[in-house]
């Protein structure tokens, strides 16, 4: 696959990035290195290797749900950016 200026511009647009004309050659070179690395995986012999579905044989390893000490209201509100005496203050998200 060839990395072109048009491809860099398209990817920059989709990722909401802006590259100057001076940065584009470096970006293109980095992208080509990434593609060459991925292409190197084609040379790996994977005959007889089963597809990996999970990273381990463990399934749903969860810690037990243990009740602990409750936070006091003042402790919970201590680092809130906006609060009143009893509640967290958040911006209104629903319009009437």
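The values are calculated or read from the model by the stated rules, or taken from the named source; none is laboratory data. Bear in mind that the values here come from a model prediction, so they are computed numbers and not experimental data. Every residue, glycine among them, receives a Cβ derived from its backbone with ideal geometry; neighbour counts consider all protein chains shown.
Numbers for the structure displayed
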item	result
The stretch 2-19, subset more than 25 Å from the chain's Cα centre (by Cα) and in a loop (DSSP other than H, G, I, E, B), residue modelled with the lowest pLDDT	2
Residue in the stretch 63-80 that is out of contact with any strand residue (DSSP E or B) (no Cβ under 7 Å at 6 or more places or on another chain), in contact (Cβ under 8 Å) with a residue 12 or more places away in the chain, surrounded by 10 or more Cβ atoms within 10 Å (Cβ to Cβ) and under 30 Å from residue 4 (Cα atoms) present	no
Sole residue being free of Cβ contacts under 8 Å to residues at least 24 places away in the same chain and surrounded by fewer than 10 Cβ atoms within 10 Å (Cβ to Cβ), chosen from 42, 30	42
Residues within the stretch 70-87 that are more than 33 Å from the chain's Cα centre (by Cα) and part of a loop (DSSP other than H, G, I, E, B), tallied	4
From 27, 53, 38, residue being over 30 Å from residue 89 (Cβ atoms) and touching a helix residue (DSSP H, G or I) at 6+ places or on another chain (Cβ under 8 Å)	27
